[in-house]
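Here is the structure we will look at.
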Amino acid sequence: MTRFEGHLDDYLSGLWALGRRDDFLLSLYGHVADHQAEGHLTAYEQVTFPPGKKKADYCLPCQLVAAQAARRLVARPA
């Protein structure tokens, strides 16, 4: 997760490329817990911090973050 002027964004690809698996997993958890809306799991580009309201709209890449991360973990587990 990164913080930009009161809202959050994540950076899973960079953590994976650097081999920082524990940080990757923590950021993945943060994405699912904070970026995906409770109840319907829509993932927003950015959310406020706190309390986690939409800052930038829904986008397909954000929606696919959890699925892509799971694919990386299964394809090359540490």
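Observations, loosely collected:
- For region 35-45, the set of residues classified as out of contact with any Asp or Glu (no Cβ under 7 Å at 6 or more places or on another chain) and crowded, with 17+ Cβ neighbours inside 10 Å consists of 36, 43, listed by residue number.
- Meets criteria (surrounded by fewer than 19 Cβ atoms within 10 Å (Cβ to Cβ), out of contact with any His (no Cβ under 7 Å at 6 or more places or on another chain) and within 12 Å of residue 69 (Cβ to Cβ)) for residue 18: no
- Counting only strands (runs of 3 or more DSSP E) that fall entirely inside the chain and contain at least 3 residues that are modelled with pLDDT of 80 or more and touching a strand residue (DSSP E or B) at 6+ places or on another chain (Cβ under 9 Å), the qualifying elements are 44-48, 54-58.
- Checking each residue in region 46-78 for being more than 23 Å from residue 20 (Cα to Cα), open to solvent by 50 Å² or more (accessible area, probe 1.4 Å) and out of contact with any Leu (no Cβ under 6 Å at 6 or more places or on another chain) picks out 50, 51, 53, 54, 55, 57, 58, 60.
The values are calculated or read from the model by the stated rules, or taken from the named source; none is laboratory data. Owing to the predicted nature of the structure, the values given are computational and were not obtained by experimental measurement. Using ideal geometry, Cβ is built from the backbone for each residue, glycine included, and neighbour counts are taken over all protein chains shown. Calculation scope for accessible area: heavy atoms of the full protein, side chains included, ligands and nucleic acids excluded. Shrake-Rupley method; radii C 1.70, N 1.55, O 1.52, S 1.80 Å.
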